[in-house]
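Peer 1: Sharing a structure with you now.
The values are calculated or read from the model by the stated rules, or taken from the named source; none is laboratory data. Predicted, not measured: the structure shown is a model, and the values here were computed from it. Neighbour counts run over all protein chains shown; Cβ positions are idealised from the backbone, glycine included. Calculation scope for accessible area: heavy atoms of the full protein, side chains included, ligands and nucleic acids excluded. Shrake-Rupley method; radii C 1.70, N 1.55, O 1.52, S 1.80 Å.
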Amino acid sequence: MPYYRRIGEVPRKRHTQFRQPDGSLYAEELVGQEGFSSDSSLLYHRHAPTAIVAAEEFTPPAFTRVPNLPLKPRHLRTHKLDGTGADPVLGRQYLLANDDVRIAYVLADRPSPLFRDATGDHCLYLESGSLRVESPFGVLEAVAGDYVIIPTSTIHRLVPTGDEPTRLLAVEAAGHIGPPKRYLSVRGQFLEHSPYCERDVRGPDTPLLVDETDVEVLVRHRRGWTRYGYANHPFDVVGWDGHLYPWAFSIHDFEPITGRIHQPPPVHQTFQGPNFVICSFVPRKVDYHPDAIPVPYNHHNVDSDEMLFYTGGNYEARRGSGIEQGSISLHPSGFTHGPQPGAAERSIGVDFFDELAVMVDTFRPLDLCDAATACEDDAYAWTWARRG
């Protein structure tokens, strides 16, 4: 995250003696990206973060991937996946995936195990409900409309809170997720043209100290999964500082960029990841040229698949196609897509769109996973042939 935070107790100088009340040294842990060449944070543990007492291979819930064949637009109804609930990590139902990113949905009603993903960052979007994100950095509370970024290899636990289950879209990267570089100065400050800034970002603000022994942690790594037994609970950090930590940002704080004629999707970009971007479509005033057509024009993005998660309001370009709360549309490269029949004419003269959606554009094709097949609306591909 592009600004510095300091939480709890830390010594005045890095890598110097910092002692506990009993005279023993606190154990330093440097968490850093790109081999000491990028963002990092320095944590101070009561116990050695390296002390494990057990390790065994773990088999996670399995899912399969198949190509989007025949190539066609898809409509997934995620609310059809509702069951009795699950935990927000192992209960994820994978919808779409390629070698850069996995996209999953979960209806969560119970805490997850302690989990570390050593293969990449996670971006979680809360469709509804609320969530407490616990980690060695502290507690981060999230509510509906929040994005939560969890950096690679952060041990964390996700705890649904409130009376209702939490609906969660998870975007799991094979690398790092952050603000687009064009929004940042060379020193990492948000620039004036950015649609959000440091004031909109939230991070943990107090240490989380848990005194337990023999604690299990599930780790996904480049060779598979391992279940570790740690001698002490990893949430024993008395203080930390740096630029790398879990953080949250509300889609409702995204300030839309508008113009006299229709603005292309890059103005909605919120994050970038390895070979993909995440965009936010929020309620906004729309095009004000006297002859403007506010909905998107037909377009063929030859280098990317477009996934759109509909999470509120009424998405004007898709009206009449069966799109509903929790819907996901997939418009693949190799196929021209655009507004539903009649949408362009209906939008003329409209000055405000009341819509909320999260878009993931990938630069490699997305495969379909088991859950996508289970909740697909098979009629969607043919809706452009209807008149309306």
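Peer 1: Spelling out what I want: for every residue of region 150-163, take phi, set θ = phi - 60°, compute 6.51 cos²θ - 1.76 cosθ + 1.60 (Karplus), and round to whole Hz; glycine and proline get x.
Peer 2: These are the phi-based 3J(HN,Hα) values: 10, x, 3, 6, 7, 5, 8, 10, 9, 10, x, 10, x, 8 Hz.
Peer 1: Could you state the accessible area per residue of the chain in Å², with a 1.4 Å probe and every protein chain left in place? Walk me through the numbers on the way to the answer.
Peer 2: Details: 17620 Å² over 388 residues.
Per residue, the chain has an accessible area of 45 Å².
Peer 1: Leaving out ligands, DNA and RNA, and with a 1.4 Å probe, what % of the accessible surface on the chain is carbon or sulfur?
Peer 2: Carbon and sulfur atoms account for 50 percent of the accessible area of the chain.
Peer 1: Okay, moving on. Would you compute, for the Cα atoms of region 252-388, the largest minus smallest coordinate along each principal axis and list the three values in descending order, in whole Å?
Peer 2: Dimensions of region 252-388 along the principal axes of its Cα atoms: 45, 37, 27 Å.
Peer 1: Rg over Rh of region 201-264, using C-alpha atoms and the Kirkwood radius, what does it come to?
Peer 2: 1.22
Peer 1: Shape call for region 75-132 from the C-alpha gyration tensor, a ≥ b ≥ c root eigenvalues: rounded (a/c under 1.5), prolate (a/b greater than b/c) or oblate?
Peer 2: On the way: a/c = 1.80, a/b = 1.09, b/c = 1.65.
Here region 75-132 falls in the oblate category.
Peer 1: Using Cα-Cα distances under 8 Å and only pairs 6 or more residues apart, what relative contact order does region 219-296 have, in percent?
Peer 2: Worked out over region 219-296, it gives 25 percent.
Peer 1: Compare ARG318, ARG12 by solvent-accessible area with a 1.4 Å probe and give them largest first, with all protein chains kept in place.
Peer 2: ARG12, ARG318
Peer 1: Right, here's the next one. Tell me, what ³J(HN,Hα) does each residue in region 9-20 have, in order and in whole Hz, if you take phi through Karplus 6.51 cos²θ - 1.76 cosθ + 1.60 with θ = phi - 60° and put x for Gly and Pro?
Peer 2: Rounded to whole hertz, the list is 9, 9, x, 5, 10, 5, 6, 10, 4, 9, 10, 7.
Peer 1: Order 335-342, 105-112, 278-285 from most to least packed using the mean count of other Cβ atoms within 10 Å.
Peer 2: Ranking the peptides 335-342, 105-112, 278-285 by packing returns 105-112, 278-285, 335-342.
Peer 1: Take the chain, connect every pair of alpha-carbon atoms lying under 10 Å apart with a spring to form a Gaussian network, then pick out the residue of THR161, THR226, THR59 with the largest mean-square fluctuation.
Peer 2: THR59
Peer 1: Then there's this: Out of these labelled values of Rg and Dmax of the Cα atoms in Å, (1) 19.9, 59; (2) 22.1, 78; (3) 21.8, 82, which was calculated from the coordinates shown here?
Peer 2: Computed from these coordinates, Rg and Dmax of the Cα atoms in Å corresponds to label (2).
Peer 1: State, to one decimal in nm, how far the label point of ALA118 lies from the label point of ALA55, with both points 7 Å from Cα in the Cβ direction.
Peer 2: With each label point 7 Å from Cα toward Cβ, the separation is 0.7 nm.
Peer 1: Sticking with this one: What FRET efficiency comes out for HIS79 versus ARG46 if R0 is 41 angstrom and r is the Cβ-Cβ distance? Round to the nearest 0.05. Walk me through the numbers before you get to the answer.
Peer 2: On the way: r = 44 Å, r/R0 = 1.07.
Calculated transfer efficiency: 0.40.
Peer 1: For Cα pairs less than 8 Å apart in space and 6+ apart in sequence, what is the mean separation divided by the residue count of the chain, i.e. the relative contact order in percent?
Peer 2: On the way: 988 pairs, mean separation 84.3, N = 388.
Once divided by the residue count of the chain, the mean separation gives 22 percent.
Peer 1: If you don't mind, there's one more thing I want to ask. Would you please give the residues with an amide H less than 5 Å from that of THR161, counting only those at least 5 places away or on a separate chain, with H modeled from the backbone geometry?
Peer 2: Distant-sequence amide H within range of THR161: SER130, LEU131, ARG132.
Peer 1: At a probe radius of 1.4 Å, what is the per-residue accessible area of GLU127, in Å² to the nearest 10?
Peer 2: 20
Peer 1: For VAL350 paired with ASP205, estimate the spin-label separation in nm (one decimal), with each label point 7 Å from Cα along the Cα-to-Cβ line.
Peer 2: Computed distance between label sites VAL350 and ASP205 equals 3.8 nm.
Peer 1: Also, quick follow-up: Looking only at region 335-354, which residues have a backbone nitrogen under 18 Å from a spot 7 Å from the Cα of LEU71 in the C-beta direction?
Peer 2: 335-338
Peer 1: Check VAL139: other-chain or 5+ apart residues with amide H under 5 Å from its amide H, H built from backbone geometry?
Peer 2: Here ASP205, THR206 satisfy the definition.
Peer 1: Ok, one more. Relative contact order (percent) for region 13-104, with alpha-carbon contacts under 8 angstrom and 6 or more residues of separation? All intermediate terms of the calculation are to be shown ahead of the outcome.
Peer 2: On the way: 60 pairs, mean separation 13.6, N = 92.
Contact order relative to length: 15 percent.
Peer 1: Over what distance in Å are the Cα centres of region 298-363 and region 196-236 separated?
Peer 2: Going from one Cα centre to the other spans 37 Å.
Peer 1: If you wrap a convex hull around the Cα atoms of region 193-331, how much volume per residue is inside, in Å³?
Peer 2: Roughly 196 Å³ of hull volume per residue.
Peer 1: First check a/c for region 77-173, with a ≥ b ≥ c the square roots of the eigenvalues of its C-alpha gyration tensor; if it is under 1.5, answer rounded, and if not, answer prolate when a/b is larger than b/c or oblate otherwise.
Peer 2: oblate
Peer 1: Please report the net charge: other residues with Cβ closer than 12 Å to the Cβ of HIS122, K and R +1, D and E -1.
Peer 2: Net charge in that neighbourhood comes out at +1.
Peer 1: Is the C-alpha gyration tensor of region 122-162 telling us rounded, prolate or oblate? Criteria: a/c under 1.5 is rounded; beyond that, a/b larger than b/c is prolate, otherwise oblate.
Peer 2: It comes out oblate by the Cα gyration axes.
Peer 1: Could you calculate the contour length gain from VAL302 to ILE257, that is, 0.36 nm times the residue separation minus the distance between their Cα atoms, to one decimal place in nm?
Peer 2: Extra length available between VAL302 and ILE257 comes to 13.8 nm.
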